[in-house]
Structures are given as structure tokens and as C-alpha cells.
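Chemist: This is the structure, below, for whatever I ask next.
The values are calculated or read from the model by the stated rules, or taken from the named source; none is laboratory data. Keep in mind it's a predicted model, so treat the numbers as computed, not measured. Virtual Cβ from ideal backbone geometry, glycine too; neighbours counted across all protein chains shown.
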Amino acid sequence: MAQEEKIKEIQNKIKEEGIRFIELQFTDMQGKSKNIDIPITDLETAIKKGIGFDGSSIEGFARIKESDMYLKPDLETFATHPWTSQNIKTARLICDIYTPKGELYEDSPRSVLKKAIKKGEEKGYELTLGPEVEFYLLKKINGTFKLPDSDSYFDTTPGSTGTRVRREVMSMLKDFGITSERGHHEVGAGQYEIGFKYDNALRTADNVITLKRIIRTIANKNELLASFMPKPFTGKMGNGMHIHFSLFEREENKFYDATDPQHLSETAKQFIAGVLEHIKKITILLNPTINSYKRLVKGYEAPVYVCWGDKNRSALIRIPQYQKGRTSSARAEIRSPDPSANPYLAFAALYYAGLKGIEDKLTLRKPIGDNLYELTEREIAEQGIELLPRTLNEALEEFRQSKLMKELFEESLFDKYVRAKQKEIEDFTTTVTEWERERYLKN
């Protein structure tokens with residue numbers, strides 16, 4: 001649709017629905033959603049010239065001496081916020097960030113993903129992704145957060161708050177043009193998962209940000225806290241964000257091959273080989289927090305071994321069951337990411353790594369059929385299987401050595417990201433925890 005036609009469509013919706021404000025959304029380097037509200041009268045200015053803001057106040061953005069930035073909305077992301085009242089009806093637009101010279105700001109996470117997308121387009125590919133986002137719902141009782149149920153995998157307690165929240169979230173996704181495919185109770189008490197239909201990389205990243213916003217909003221309305229923390233409780237299941245992925249060329253799934261036992265093409269195998277080749281160096285983008293590495297431990301369904309397998313859920317990458325007659329179902333699933341990841345940076349890194357595998361014509365090793373959690377460390381080592389980084393510090397060191405990520409990020413953002421993670425590690429290292437006081441205070 002031409003821009004003028006899209007503008008006219010948006011203006012008609014604004015008039016029909018009585019919208020008074022537009023929320024201009026973007027994310028910082030860590031993936032935290034930010035916004036600026038403007039009255040509807042300023043929408044034309046936002047579209048044509050952009051709305052200025054101070055980039056020096058946003059982590060990972062410009063320095064003070066070059067702080068003037070402009071938000072320009074992506075018109076395809078227009079959606080009405082269904083939770084706002086009629087008196088202050090609000091719609092949202094997700095924005096790209098531009099410099100005063102009118103150039104796309106390359107250090108913006110959305111710009112990084114666009115760079116990866118452009119590289120794929122030059123090779124004739126489009127990456128499609130389908131994430132499954134896990135989260136906990138918590139109720140605050142006497143100052144302490146408690147789990148609202150004791151249910152487990154696929155359980156449904158009629159009338160439970162968690163079930164009601166999940167279904168309300170899935171229903172509200174439609175208001176944002178997102179097709180919800182599944183939602184259910186996860187393994188942990190008070191833990192849920194919601195997934196939506198696969199789409200191209202940019203729309204999927206936008207949709208992850210939108211989904212998390214909806215979940216938090218509906219949870220808050222029900223006096224609950226929604227947590228996407230990778231490992232909120234000791235000894236309980238962590239929150240993952242498994243990502244299904246495949247490559248398309250126009251309408252053709254380039255991952256599909258009818259003659260292969262797993263229905264995987266040579267392109268798919270090279271792409272997966274690229275992800276496995278670079279996984280240790282991009283792990284920090286898929287698992288970006290100190291807490292992420294308390295989820296990536298053996299025994300909790302979170303993969304720690306760098307390998308792939310056919311329908312093997314203990315492998316880092318598994319190949320889901322092919323659905324006969326549906327060539328679009330040929331795909332792979334990476335199981336290590338968690339929902340604290342910035343989806344723009346995570347998807348960009350995944351795409352770059354896979355494209356590098358195709359470019360270098362990497363050979364995919366044989367699949368692992370064993371349940372890796374039942375093997376000894378010696379048996380795993382004998383198969384030449386490596387481990388993911390065990391801490392944020394290890395992941396940061398791997399990232400710093402990656403020529404591929406330096407190419408993706410550009411020097412400025414790469415350095416900013418490294419400094420931010422160094423600060424996070426330093427803060428954690430020097431913070432005294434309750435665990436330490438309980439263990440050592442009386443020594």
C-alpha cells in the first residue's frame with residue numbers, strides 16, 4: 001500500500017474511533033519499551049518530519065554532543081490501544097530513529113535488525129520467525145510475591161485468574177493485528193506460554209514487544225505482576241522464548257526438501273550450521289542478563305549443549321515434526337533464548353549467523369538423538385559437543401571476539417553494548433546478596 005493511501009486509512013480510523021493521542025514507541029539497547037505521547041494534531045508532523053527527543057538520555061543511544069534524534073513512525077504498525085478509555089482514546093505507532101541529517105540511526109536496535117534483513121534480501125531470502133514467550137504471573141500478598149496457582153503443564157483450573165488473563169491477552173492480540181496460535185499453562189506453578197503465528201523478522205520483533213506490553217497491562221488490571229525474568233525462583237522452571245525459524249524466497253520455503261529424512265534442504269542445514277558455529281558468540285544477545293545463566297543449567301529443559309537433533313528437546317536446536325503436505329512447516333527451533341532478550345538484536349544476530357553459514361557453505365554435523373540430560377559429561381565430550389557460556393561474563397568474552405557481531409553492530413553500538421554488560425557484571429559482583437548474609441554473616 002502506498003504511503004498516501006496508508007495515511008488516509010489511518011486518518012479514517014482516527015476519526016471513526018475518536019482517537020485523541022498517538023503513542024510513539026521505540027526500544028532502548030536493552031529491549032526496554034519507551035514512548036512519547038503526542039496529540040493527534042501532531043501526527044502529520046511526526047510522519048513528515050519526525051518528532052524530536054533527547055537521545056543522550058536513552059541507554060545505548062547518542063552522546064550529549066550529538067543527542068538530537070527524531071522518531072518517525074512505521075505506518076504499518078498503527079493500532080488502537082484497546083485498554084484506553086473513550087475520553088483519552090490512544091493509538092500506537094512503532095518508530096524508527098533518525099539523525100538530524102535525515103539518516104536512519106544505525107545504533108537503534110530496530111535499525112540493526114533492518115541491516116540484517118537487508119543482507120538477507122540481497123541474497124533473495126526472508127527470515128520468518130515464530131517465538132513462544134513464557135512468563136510467570138505473581139500476586140503480591142503482604143509485601144511478598146506469591147504464585148497464584150499450583151497447576152502444571154497444560155492444566156486448566158476453571159475460573160482461575162491465570163487462565164482468564166491468558167485468554168484475555170490472546171483475544172487482545174487481534175486488536176494489534178497479531179494472530180495468536182496457542183496459549184497454555186507451562187510446567188511451573190503460575191507459569192504460562194503464549195505463541196503467535198510466524199511472520200517476517202521485523203514484524204515478529206515488533207510483535208514480541210507488543211505481546212509483552214499486553215501481558216503486563218492485563219496482568220496489572222487483574223492485580224498481578226507479569227514477570228519475564230529468565231529464572232525468577234530457585235529450583236523451579238525458568239522462562240524461555242523458543243524461536244521457530246525458516247527462510248523463504250517469495251512464497252517458497254527454502255528450508256524444505258522432500259527427499260531429506262528431516263525434510264531439510266541444504267540451505268536449511270547450512271543456516272543451522274551457521275547458527276551453531278556462532279552460537280557461543282551470540283548467546284549474550286539471546287540471553288542478555290546475569291539471571292539468564294541461572295536458567296541455562298542442566299535438568300530444567302533449558303539447553304546447554306551446542307548441537308541439534310530431530311525432535312530432540314534436549315538439543316540446542318531441534319527439528320519439529322514435519323506436517324505432511326505443508327511445506328511451510330519445515331523449520332528449526334532454537335531453545336536457548338529467553339524473554340529478557342531484545343528481540344531486534346536477538347533476531348538480527350540469529351539471521352547474521354545463519355546467513356554466514358550459507359555464505360561459507362558450512363556442513364551440518366550429524367544430529368544427536370540421545371537425551372543429553374541422561375549422558376555423563378565424559379560421554380558428551382567424546383561426541384565433541386561444546387557447552388554454551390555458563391555466565392554473562394563468559395558470554396561477553398565470546399561476544400567481544402566475534403568479527404561477525406562487530407560487522408552487524410558497527411563499532412559504536414558494539415562498544416556501547418560491551419560497556420553496558422561490563423557495568424552489569426561489575427554491579428552484580430559488588431552487590432552483597434541475602435544468600436551471602438545467610439551463609440556467612442555469623443562466620
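Chemist: Does any residue of the range 336-358 turn out to be in contact (Cβ under 8 Å) with a residue 40 or more places away in the chain, more than 25 Å from Glu134 (Cα to Cα) and either part of a loop (DSSP other than H, G, I, E, B) or not assigned by TED's automatic domain parsing to the domain that holds Lys269 (or both)?
Modeler: No.
Here is a yes/no grid of residues against (1) modelled with pLDDT of 95 or more; (2) touching a helix residue (DSSP H, G or I) at 6+ places or on another chain (Cβ under 7 Å); (3) part of a loop (DSSP other than H, G, I, E, B):
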| site | (1), (2), (3) |
| --- | --- |
| Met172 | no, yes, no |
| Ile178 | no, yes, yes |
| Gly188 | no, no, yes |
| Tyr192 | no, yes, no |
| Gly195 | no, no, no |
| Val208 | yes, yes, no |
| Met229 | yes, no, yes |
| Leu247 | yes, yes, no |
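Chemist: Considering only residues that are in contact with a Lys or Arg (Cβ under 8 Å, 6 or more places away or on another chain) and outside any loop (DSSP other than H, G, I, E, B), which ones fall in the range 317-334?
Modeler: The initial filter retains those residues of the range 317-334 that are in contact with a Lys or Arg (Cβ under 8 Å, 6 or more places away or on another chain), namely 317-321, 332-333.
Of everything in the range 317-334, those that are in contact with a Lys or Arg (Cβ under 8 Å, 6 or more places away or on another chain) and outside any loop (DSSP other than H, G, I, E, B) turn out to be Ile317, Arg318, Ile319, Ala332, Glu333.
Chemist: If a residue must be crowded, with 18+ Cβ neighbours inside 10 Å and of a type in the set (D, E, K, R), how many such residues does the range 214-227 contain? Show your work before the answer.
Modeler: Of the residues in the range 214-227, the ones crowded, with 18+ Cβ neighbours inside 10 Å are 214-216, 218-219, 224, 226-227.
The next check asks that each one be of a type in the set (D, E, K, R); those that pass are 216.
Adding up the residues that qualify gives 1.
Chemist: Looking at Ile272, Ile290, Ile282, Ile319 in this structure, which one is modelled with pLDDT of 95 or more and touching a strand residue (DSSP E or B) at 6+ places or on another chain (Cβ under 7 Å)? Full working, then the answer.
Modeler: Numbers: Ile290 fails: touching a strand residue (DSSP E or B) at 6+ places or on another chain (Cβ under 7 Å); Ile282 fails: touching a strand residue (DSSP E or B) at 6+ places or on another chain (Cβ under 7 Å); Ile319 fails: modelled with pLDDT of 95 or more.
Exactly one of Ile272, Ile290, Ile282, Ile319 is modelled with pLDDT of 95 or more and touching a strand residue (DSSP E or B) at 6+ places or on another chain (Cβ under 7 Å), namely Ile272.
Chemist: In addition: Which number in (1) farther than 26 Å from Asp360 by Cβ; (2) at pLDDT below 95; (3) within 20 Å of the chain's Cα centre (by Cα) marks the one condition that Ser412 misses?
Modeler: Going through the list (1) farther than 26 Å from Asp360 by Cβ; (2) at pLDDT below 95; (3) within 20 Å of the chain's Cα centre (by Cα), Ser412 breaks only (3).
Chemist: Kindly indicate whether Gly274 is within 30 Å of Glu424 (Cβ to Cβ) and out of contact with any Ser or Thr (no Cβ under 8 Å at 6 or more places or on another chain).
Modeler: Numbers: within 30 Å of Glu424 (Cβ to Cβ): yes; out of contact with any Ser or Thr (no Cβ under 8 Å at 6 or more places or on another chain): yes.
Spelling it out, Gly274 is indeed within 30 Å of Glu424 (Cβ to Cβ) and out of contact with any Ser or Thr (no Cβ under 8 Å at 6 or more places or on another chain).
Chemist: Is there a residue in the range 130-140 that is out of contact with any Ser or Thr (no Cβ under 9 Å at 6 or more places or on another chain) and at pLDDT below 85? Before the answer, list the steps.
Modeler: Just the residues of the range 130-140 that are out of contact with any Ser or Thr (no Cβ under 9 Å at 6 or more places or on another chain), to begin with: 132-134, 140.
Right, trim to at pLDDT below 85 and you get 140.
For the range 130-140, residues out of contact with any Ser or Thr (no Cβ under 9 Å at 6 or more places or on another chain) and at pLDDT below 85: present.
Chemist: Moving on to the next point. If a residue must be over 16 Å from Ala315 (Cβ atoms) and surrounded by fewer than 23 Cβ atoms within 10 Å (Cβ to Cβ), how many such residues does the range 262-277 contain?
Modeler: Residues that pass the stated criteria total 5.
Chemist: Looking at the range 63-112, which of its residues are in a loop (DSSP other than H, G, I, E, B), small (Gly, Ala, Ser) and crowded, with 20+ Cβ neighbours inside 10 Å? So that I can check it myself, show each step before the final result.
Modeler: Initial filter on the range 63-112 (in a loop (DSSP other than H, G, I, E, B)): 63, 67, 74, 78, 81-85, 89, 99-103, 105-108.
Then keep just the ones that are small (Gly, Ala, Ser); that gives 67, 85, 102, 108.
Selection gives Ser108 alone.
Chemist: I'd like to know if the range 232-251 contains one or more residues that are surrounded by fewer than 20 Cβ atoms within 10 Å (Cβ to Cβ), touching a strand residue (DSSP E or B) at 6+ places or on another chain (Cβ under 6 Å) and without any contact (Cβ under 8 Å) to a residue 12 or more places away in the chain.
Modeler: no
Chemist: Quick check: anything in the range 393-415 in contact with a Ser or Thr (Cβ under 7 Å, 6 or more places away or on another chain) and assigned to a helix (DSSP H, G or I)? It would help to see each step written out before you state the result.
Modeler: The first filter runs over the range 393-415 and keeps only residues in contact with a Ser or Thr (Cβ under 7 Å, 6 or more places away or on another chain), leaving 395, 398.
Going one step further and asking which of them are assigned to a helix (DSSP H, G or I), we end up with 395, 398.
There is at least one residue in the range 393-415 that is in contact with a Ser or Thr (Cβ under 7 Å, 6 or more places away or on another chain) and assigned to a helix (DSSP H, G or I).
Chemist: Please work out which residue is surrounded by the most Cβ atoms within 10 Å (Cβ to Cβ), limiting yourself to the range 345-389 and to residues that are at pLDDT 95 or above and basic (Lys, Arg).
Modeler: Only one residue fits best here, namely Lys356.
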